[in-house]
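Reviewing the structure listed below.
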Amino acid sequence: MTAVENRPAPVLSTTPVEWVRERLFPNVASSIVTLLLLPVLIYVGYRAVLFVAVNGRWEVVTRNLTLFMQGTFPRDEQWRIVAQIMCMAFALGVGASTAASAAADRAREAGLPVARQQPLEVVRRFWPLIAFVLVLLYFASTVTPWLVVLGTLALFLLGTAARFLTASFRNVGWLLMALSVIAGFQVVSGTTGRSWVAAAVVVLIALWTSVGLEGLDRLPRLAARVGLSVLAAAIVFGVYTLIPLSGVGWDRWSGLHLTLWVSALAIVLSFPLGLLLALARRSTLPALRMLSTGYIELIRGVPLITLLFMGQYILGFMLPAGSNPSSITRAIAAITLFTAAYVAEIVRGGLQSLPYGQTEAAQALGLPPAKSMRLIILPQALRAVIPAMVGQFISLFKDTSLLYILAINEFLGVRSLVHAQPDFRSVAHAETLVFVAFGYWAFAYAMSRESQRLERRLRVGI
Amino acid sequence: MTSQQSDSRVRPPFWRDARVLRVVGQVIAVVVVFLLLRWLFANLVDNSRRTGISLDFGFLNRPTQFQIPNHDEFDPRSPVWQMVLVGVKNTLLASVFGVILAAVVGLVVGIARLSKNWLAAKLAAAYVEFFRNIPPLVIIVFFAFAVFLYGPLPNLRESIEIGFPGTDHNVFVLSLEQWGMPSLADAGNLAAFGLFLAFGLVIAVLVWRWRTRVNDQTGAPHHRVLWALGVLAVLLLVGYVVLGEPFRITWPTLGENRRRLVDGFAINAGFISVAGALGLYTASHVAEIVRGSILAISTGQSEAANALALNGFQRYRFVILPQALRIALPPLINQCLNLVKNTSLAAAVGYSEITNLTQASIGNGRPAVPSIVILMGVYLSFSLIISFMLNVVNRRMQLAT
Amino acid sequence: MSNESSTQAYADATRAKGDALIEVSGVDKYFGDFQALKDININVGIREVVVVIGPSGSGKSTLIRCINRLEKHDRGTIVVDGIALSEDIRNIQEVRRETGMVFQQFNLFPHLTVIENITLAPREVRRLPKREAESLAMEMLERVKIPEQAHKYPGQLSGGQQQRVAIARSLAMKPKVMLFDEPTSALDPEMIKEVLDVMVELAEGGMTMIVVTHEMGFARAVADRVVFMSDGQIVEVGTPEHFFTDPREDRTKLFLSQIL
């Protein structure tokens, strides 16, 4: 039998007319739908374009752009926020490139293809955020925003130089990122007070993971850990007392700046709490399980606003007389406690989805339960629930808008300041709302696209 | 080889005994939580004694002393617990309408997103990606302020009235505070007409079952929906004529201040803001759930249906949708719960549901701690009821194994 | 055979060759009301290869999972290398260090590379420094004949390769006894041989092994003793020759007729 030759496949292309016929008018029902939707779409689109380009009184945004961005932050301290943005850009650059090169190394060793990020790809990935920044620049009336954007880009690119670090120095990259984040936070809030504790914890974790303590027995290892902790605390405390920097505490932050920071802090704080709650809920000890379940079900049954009210009105009663945490501290505490319950449920789902054989294999190898949790179970469970987690954090970001009800001037609430001005008392409400909605939408949509992308990759991957 | 010889009857030292460690672990956890709660509670009692603000629920029986906006029939002298009931009623009202709106719009958008019509699919996708990524509070505020209070109206005129062509009556009225629509009013025999309606429904159900039986026996298409509705319509018409105009239509008319309606069916701006905004917002989540549940049905099901020569409509009705419903019901009920919880956002726009009223009452001097406890209790009850419904539904819908 | 000699033969069969490494006496195990193990008595000696066969639900997996405390026995004693299994967590950890287990579903850690899978326990439990652990891992990979897969992820390997990595992972802890729970049941037929070859090599190298399997060829080739379990009891124990050619009990004969 003679083998059949391979012939090129028949080329099927659709002309524009065919495309319209197939996609818009394939059958009677569909054609009716198209004919109904098209005029509506055109009309709405026409009105929208009129609103945005012609009728809209956008000077309300132009004249109040600083209010929207940073609220009532003292104007003469604005340099702090700019410095913070720079530090964060640098941290992002370092973090992203360190993670990417670590992943590339592992992939290369395993013989898997290494994905390269083209700059055009990055633009496509984050177009909502880029659009928002461009809109901000459009509304800018001074040259400062342009300089800030350029500076941000420059520092981000500087940070990506971290990809040249070799594998043995990768911990330097992580440490650098951590330090930049801390510096960014401190440059605004100042080095007074107890903020050195958080910095000490971060430096501590960095030291613990980078100094090689293997091969040591239990007691010398414990001693080394304690020694490193004391060292880290001493260094950080020393640095902080030597560089006394006054700052603007977060009680005085507002606008988009406050929204972003409240979201970030609540995310970071709720994650470990949620993790503990999830482990407690799955524990074999009934007391832990009941306490954890009770907390989770209670929190999930009430709206966030009631917890914010609790923080506002009741928290003051529950703490010793004299301590009076600021509104924003209370709000962050309430949002953290709220989110932790949802994070706990998500993590619990991840833990349940892991095959029990993994736990057994770890046990059979003689790994004690704590180690098996840390090295085997949690890495897999958490990886599996990343999309759900990101969804929860997007919700958290949107929920910061509730602070408006507590008369805290975050991004949505700052509108009341804008419209308190005599010029804008009863006009341009729609314009400010559209601007605020667009800001939220840009961040949330970008995050949700990232999560969908991650979901696709995780499903295809190993 | 005799390293640790131990008879299993001899108990190992307690710090290595697995059973002892379990008990000790639990005891420690309970003690820590107990101490924490006790400290918090002690501070609470202490501070309340110091500031003279009470912790008990006695305030519920005392007069409210403030007026609930838009509720002219509420007497400020009535006890606080009646105000609470008003709040709960409003919460339920907004939730029910919000859920209905979300279900209808969400279903349409979800199915549109799967349609082959490019325009419908893209518009549906845009709807979902738009509403899902904006905080619901922003949408509510937009309705309340940009549409109603400071919206197109002050620029145009005091109110918009859309008249019925050829008559003096209005079909639709939009004022600064309310929407108005036609309504039914009793012109003598509304109750009797109601009986006719009930009777008609019973007959319609019987007609439905008769047509189903005909279809079973002879295979002829049953057209039972048309038959049942037709019979109902005929009976209602008969009733209308026989009873001699048992009701009349009231047209929406604005009162003197051009803000509130004196006739017709009035819906308050606050209510529309909350129910409408939340309905549209939740619809975007419902659409995603609907889409996800239909996509989750494996293609093998569609293939089997096609192989059996079922047409598209039959495939959806008998194979895809029943299975999709089973998958979709738990997350849909969850969204229902979320909508109920989101009605609490009305605190920002003056719709007097329970959270708004609680905030107002605390502002008017009522004790904060018990008020908030009641508030949380209300929502917890809703959530428990809905969770219970969810469990019942889940159990009924389990596929037999 | 007369009653006395059969009891004697049974006693000879239950007494181990060489010094006993594992002593199981009077063990019962319940799952709720269901009794999965009924009065199990068996000793396994050093360098002995014991193959456990039986129908599903006979308790063979439960037995070996009791030996490394993945299941808790309810009555009786289990002593592994002189360490008695009880509620003492230090004992449990020691027994788990000295026993290696190979699972039917491999249970490799998918988020770690092959070499990380193998070096994990030696580094974390036996506290070996990284370099020593890695050279030990490479040595084990050579033994199972797949050193070139060291930096791949388990998902990139075939079933047979994954199971061999699982064997190497257990061997890296230098256990005194290896437990195999139906190691080839989840493999495609063409990959069963490569895993069985590794197990045969292990046996010939002097490792003490307890193997639950349906592979009769393996039993015939390397087993020192074959144990037949049914309904939670040990029905018959014997050498492969006697077992396959002249089984004593009726239940054994019935089972063998169904599978051979």
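Numbers at a glance
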| quantity | calculated |
| --- | --- |
| Cα centroid separation - the stretch A:345-399 against the stretch A:1-80, whole Å | 39 |
| Helix runs (DSSP H) in chain B reaching 15 Å along axis by Cα, Kyte-Doolittle at least 1.0 | B:18-51, B:80-113, B:224-243, B:277-296, B:368-397 |
| Mean-position separation - Cα centroids, the stretch C:215-260 and the stretch B:220-288, in angstrom | 80 |
| Accessible area buried between chains B and A, both sides summed, probe 1.4 Å, in Å² to nearest 100 | 4800 |
| Inter-chain Cβ neighbour average for residues C:107-119, partner chain, 10 Å | 4 |
| At 0.692 mPa s and 37 °C, Stokes D of chain C from Kirkwood alpha-carbon radius, µm² per second | 173 |
| Heavy-atom accessible surface of the stretch A:1-155: percent carbon and sulfur, 1.4 Å | 69 |
| Extended-chain gain in nm, criterion 0.36 nm per residue less alpha-carbon gap, A:Trp79 and A:Thr62 | 4.1 nm |
| DSSP loop GluC sites (Glu not before Pro) with at most 16 other Cβ within 10 Å: longest gap in chain B | B:257-401 |
| Cross-link reach list, aspartates and glutamates versus A:Lys398, counting only Cα pairs under 15 Å and skipping chain neighbours closer than eight places | A:Glu410, B:Glu129 |
| P(r) of the stretch A:249-462 over all Cα-Cα pairs, binned every 10 Å from zero, in whole percent | 8, 27, 30, 21, 10, 3, 1, 0 |
| Once the Cα gyration tensor of the stretch B:264-401 is diagonalised, semi-axes √(5λ) in Å | 42, 19, 10 |
| Shape of the stretch B:8-115, Cα gyration tensor, a/c cut at 1.5 | oblate |
| Volume in Å³ per residue [convex hull over Cα atoms, computed for chain A] | 278 |
| Dimensionless Rg ratio for the stretch A:260-303, taking C-alpha atoms and the 2.2 N^0.38 Å reference | 1.33 |
| Percent accessible area from carbon and sulfur atoms, the stretch A:249-462, protein chains only, probe 1.4 Å | 65 |
| Amide H contacts of C:Thr208 (H built 1.01 Å from N, under 5 Å, at least 5 apart or other chain) | C:Arg47, C:Met178 |
| Lysines with Cα under 20 Å of C:Lys29, excluding same-chain neighbours fewer than 8 positions away | C:Lys38, C:Lys60, C:Lys72 |
| Loop chymotrypsin sites (Phe, Trp or Tyr not before Pro), the stretch A:219-250, which have at most 16 other Cβ atoms in a 10 Å radius of their Cβ (DSSP) | none |
| With at most 16 neighbouring Cβ atoms within 10 Å, loop trypsin sites (Lys or Arg not before Pro) (DSSP) excluded, longest segment of chain A | A:283-424 |
| Å³ per residue enclosed by the Cα convex hull of the stretch B:170-328 | 170 |
| Computed Kirkwood radius, in angstrom, where 1/r is averaged over Cα pairs of the stretch C:135-223 | 13.4 |
| Of B:Leu229, B:Leu85, B:Leu137, the one that fluctuates the most in a GNM where chain B has Cα springs shorter than 10 Å | B:Leu229 |
| Accessible surface, the stretch A:288-339, averaged per residue in Å² (probe 1.4 Å) | 37 |
| Reference-scaled alpha-carbon Rg (2.2 N^0.38 Å with N residues) for the protein assembly as shown | 1.14 |
| Rg/Rh (Cα only; Kirkwood hydrodynamic radius) as it applies to chain B | 1.09 |
| Nearby lysines by direct alpha-carbon distance to C:Lys145 (threshold 29 angstrom, same-chain neighbours under 8 apart not counted) | C:Lys130, C:Lys174, C:Lys176, C:Lys193 |
| Loop-located chymotrypsin sites (Phe, Trp or Tyr not before Pro) in the stretch B:261-292 whose Cβ has at most 12 other Cβ within 10 Å (DSSP) | none |
| Shape box of the stretch A:283-408 [Cα atoms, principal axes, largest first, Å] | 55, 32, 22 |
| Partner chain coverage, peptide A:346-358 - average Cβ within 10 angstrom | 1 |
| Binned Cα-Cα distances of the stretch C:129-177, short to long, each 10 Å bin given as a whole percent | 27, 56, 16, 0 |
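The values are calculated or read from the model by the stated rules, or taken from the named source; none is laboratory data. The structure presented is a predicted model; accordingly, all values stated were derived computationally and were not measured. Here the Cβ is made from the backbone with ideal geometry for all residues, glycine too, and neighbour counts use every protein chain on show. Only protein heavy atoms, including side chains, enter the accessible area calculation; ligands, DNA and RNA are left aside. Shrake-Rupley method; radii C 1.70, N 1.55, O 1.52, S 1.80 Å.
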